[in-house]
Each structure stands twice: as C-alpha cells, then as structure tokens.
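The values are calculated or read from the model by the stated rules, or taken from the named source; none is laboratory data. The model shown is predicted, which means the values in this text are computed figures rather than measured ones. In this analysis, Cβ positions are derived from the backbone assuming ideal geometry, glycine residues included, and neighbour counts consider all displayed protein chains. Ligands, DNA and RNA are excluded from the accessible area calculation, which covers all protein heavy atoms including side chains. Shrake-Rupley method; radii C 1.70, N 1.55, O 1.52, S 1.80 Å.
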Amino acid sequence: MASTKISKSNHNVLFSSLKSKGFARIRFVFAASNILSGKKQTFFVEFYFLNPAISPKRPVLFSEVQGSSGLLPSYCSVRCGTLGRGGKELIKYCSNSQVIFDKKTGNLQIDCFSLTDEVIIGSVTTSEGSMDWNLQYEKQIAKPPLFRSKKYSWNSDGIKTVVGGVLHFNGEEFQAVPNVSFGYSDFSFGQEQINPSFHISASNLVSSINGKQLAGSSFAVQKIAENKYVIFVKLEGKTFCIRSGKFLCKKAVTCYCTETTDEENTRQLHWAANIHLGKSVVDIDIYCHESSMYFREFDQADGKSLLSELCGGTGVGEVRYYRKDSRTKALEIIEEARVQDALCEFGSNKKL
C-alpha cells in the first residue's frame, strides 16, 4: 500500500513554497473493460496543482494571464479521460480553498474528489463528456526509484499499481479488475515540468521465451533533466534501477524518441532505452501509432509557456535482458518479454 511517508511527502509539497511558484501532479493510469462488449480501454485520473496559493479563492486559468504583466495562472484541477484511439480528456478546475489535505491520514479532497492511500473517488462533467469513478488501488513496488532536485522531482512509488472498481465514461460502464488492470501511478513536482518530456512505462509483460505472463515485472523510464533519465526495470526477480548523468553512469544509458513507420507504412513513434551496467544489458523498444495518441497540454508555472505532450496508452514493444560474457563480450539472452498497454509520452514547450 502507499505508505504514510509518501502521504506526508505529498502534504509537504502541496503546502510548501511550490504552492506559489510551481506545480505538483499526482496521476493514475490503468486498464478497464466495458461490461457489455468486453472491450478494454486505458483510463487516467490526475490531480494537477499550479501555483495554487496565488489565487486561493478562484481558479485563474492560463488564458486569463496572457498579455497581462505579472499575473500567473493559479488553480487546482482534476483531469481524467481515456488514452488510445479516440482518446479524450476532461478537466475540472478548482481553487486552492477547495483543497483539504489531512496530514494525519494523508487523505486528499478537492471539492467532490477524494484520494486516500487506498481509494480514488470522483466525477467530472463538461461539455466534452462525463466520467465518474469509484476505485481501489494498491502499489506493489517495495523500493521505487526516487529523484529529487530543486527544479524537478519524481516519485515513482506506483510503477506497478493494481486497480479495481467501477467507472462510467459517457454513459458506458467499465470494470477495472486488479490482476489485469496493469496500473501505473506517480507523483511529480517542481518549478516546471520537464521540457522536452519523455516517459514510457508498463506492467503488462509476457515472456517471449516461455509464453507466461510476467506478473512480477514492470518498467518505467522518466526524463528528469536535459539528457538525464531515471530507469527502473524489474524482470521476474532481477531489478535494475539507474540514473543517467551520475559520474559512473554517463555512458551507461541511451534514450531517444523518433518518428517512424510500421510494415504497413503507418506513422508511429518509437521510444528506445538502452542500459549497460556491468555485465548486464537491457534494451527497451516501445512503439505507438500516432493515430492512437493525442496532444495534452499542461500549463507551466511561469505563465509564459505550456507543455504540449503527445500521449498514448496502447504502446507495444519488447524488453530484452542480456548477460555479457566477460571474456568474449558476447551477449546471452536471459529474458525477452513482449510489452502491451505501455504508457508513452513525448512533448515540448510551446511559448505563448
């Protein structure tokens, strides 16, 4: 379960100096199936805070500060929706006065939305559609990678998160089943979101060697600064956690995202991450069709730019783990896994 320590961390960030100059983002991504058709869909629920203390009584949106000297956006928001082909995002804006954080229990409440260490409850209705959810969750990574700096911090305590419960999206009912929800959650905060952005993660892995579901496996790759990444890979008992940019790791990590086409000449993005660590080598390749992605926009705290991010939740690809022979330098394949339902993001700032 999410620990008390993490909850106190959330509280300290939300009520620190960042509340007047910075952002905080808590998000959950998971799969659920339509109870009538059985069709699987990827959903997300997020809490996004931007300079919330500047205007505590009412939300000030990004559009209101354009052309105004000295004004900054200030709000708390709940963002939810679907990822994949035909994906859609719904957003409800709230003021800081509507936020209640219980430091003792770690419970967060924004208007009619609730987030505890075990439950997410809420609903959003806009002109674009409606979504409501009543979900239980459990985070299953014992020692997640943590990165902290003055400008940007990333807490990936939910790289493997199981989610269960019921949600409704535009009048249709969906069921999230824990062992096939393939959930992900994280908590990031700082002065501004990383630009350009890069993220891939997944926990739906099947061994290409024996065909079995790798229930204890997951991975995440997160950009944390210019040419710096945090990579976490867990493959059935073998765990790799590395941060590029450290003295011993400058040449150990390579990450990139490029546009390419598949065998049918359909445009897609390709995320790649490569790790060389001692005698171990890990390769990650994730692909997602552009038609299954859409742009989401996140206001930056400076009020002068926004992060425009191409997002998808149906990435596919492979994770390969090799062991290098110290004498011949030949690579022996130890595990190779097919990946489905990968969360994949890539974007950059737009100056306005």
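Just one of the listed residues (111, 132, 117, 102) is among the acidic types (Asp, Glu), open to solvent by less than 70 Å² (accessible area, probe 1.4 Å) and within 28 Å of residue 215 (Cβ to Cβ), and it is 117. Scanning the stretch 323-343 for residues that are of a type outside the set (Asp, Glu) and at pLDDT below 95 yields a count of 10.
So, of the residues in the stretch 215-234 that are assigned to a strand (DSSP E or B) and hydroxyl-bearing (Ser, Thr, Tyr), which turns out to be modelled with the highest pLDDT? Filtering the stretch 215-234 for residues that are assigned to a strand (DSSP E or B) and hydroxyl-bearing (Ser, Thr, Tyr), the one modelled with the highest pLDDT comes out as 218. Remark: pairs (first residue in the stretch 274-286, open to solvent by 10 Å² or more (accessible area, probe 1.4 Å) and of a type outside the set (Ser, Thr, Tyr); second residue at pLDDT 95 or above and not in a loop (DSSP other than H, G, I, E, B); Cβ separation under 6 Å; 6+ apart in sequence or on different chains) = 274/283; 283/320; 285/272; 285/317; 285/318. Pairing residues of the stretch 15-36 that are in a loop (DSSP other than H, G, I, E, B) and of a type in the set (Val, Ile, Thr) with residues that are surrounded by fewer than 22 Cβ atoms within 10 Å (Cβ to Cβ) and modelled with pLDDT of 95 or more, at Cβ distances under 6 Å and at least 6 apart in sequence or on separate chains, gives 35/173; 35/175. Candidates in the stretch 296-316 are the residues that are closer than 17 Å to residue 69 by Cα, among the small types (Gly, Ala, Ser) and out of contact with any helix residue (DSSP H, G or I) (no Cβ under 8 Å at 6 or more places or on another chain); of these, the one that is surrounded by the fewest Cβ atoms within 10 Å (Cβ to Cβ) is 305.
If you filter the stretch 190-214 down to residues that are closer than 11 Å to residue 338 by Cα and of a type in the set (Ser, Thr, Tyr), you find that the one that is surrounded by the fewest Cβ atoms within 10 Å (Cβ to Cβ) is 208.
Taking the stretch 169-189, which residues are closer than 10 Å to residue 30 by Cα and surrounded by 21 or more Cβ atoms within 10 Å (Cβ to Cβ)? Answer for the stretch 169-189, where residues must be closer than 10 Å to residue 30 by Cα and surrounded by 21 or more Cβ atoms within 10 Å (Cβ to Cβ): 176, 181, 182, 183, 184, 185. Apart from one condition, residue 257 fits all of (1) within 30 Å of residue 75 (Cβ to Cβ); (2) outside any loop (DSSP other than H, G, I, E, B); (3) in contact with a helix residue (DSSP H, G or I) (Cβ under 8 Å, 6 or more places away or on another chain); the exception is (3). Just a yes or no: is a residue in the stretch 235-250 among the aromatic types (Phe, Trp, Tyr), at pLDDT below 95 and in a strand (DSSP E or B)? Yes, the conditions are met somewhere in the stretch 235-250. Once the stretch 260-272 is narrowed to residues that are of a type outside the set (A, V, I, L, M) and part of a strand (DSSP E or B), the residue that is least open to solvent (accessible area, probe 1.4 Å) is 271. Just checking, does the stretch 7-26 include any residue being surrounded by 21 or more Cβ atoms within 10 Å (Cβ to Cβ), out of contact with any Leu (no Cβ under 6 Å at 6 or more places or on another chain) and at pLDDT 95 or above? No: the stretch 7-26 contains no residue that is surrounded by 21 or more Cβ atoms within 10 Å (Cβ to Cβ), out of contact with any Leu (no Cβ under 6 Å at 6 or more places or on another chain) and at pLDDT 95 or above. Looking across the stretch 112-136, the residues that are small (Gly, Ala, Ser) and touching a residue at least 12 places away in the same chain (Cβ under 8 Å) come down to 122, 129, 130.
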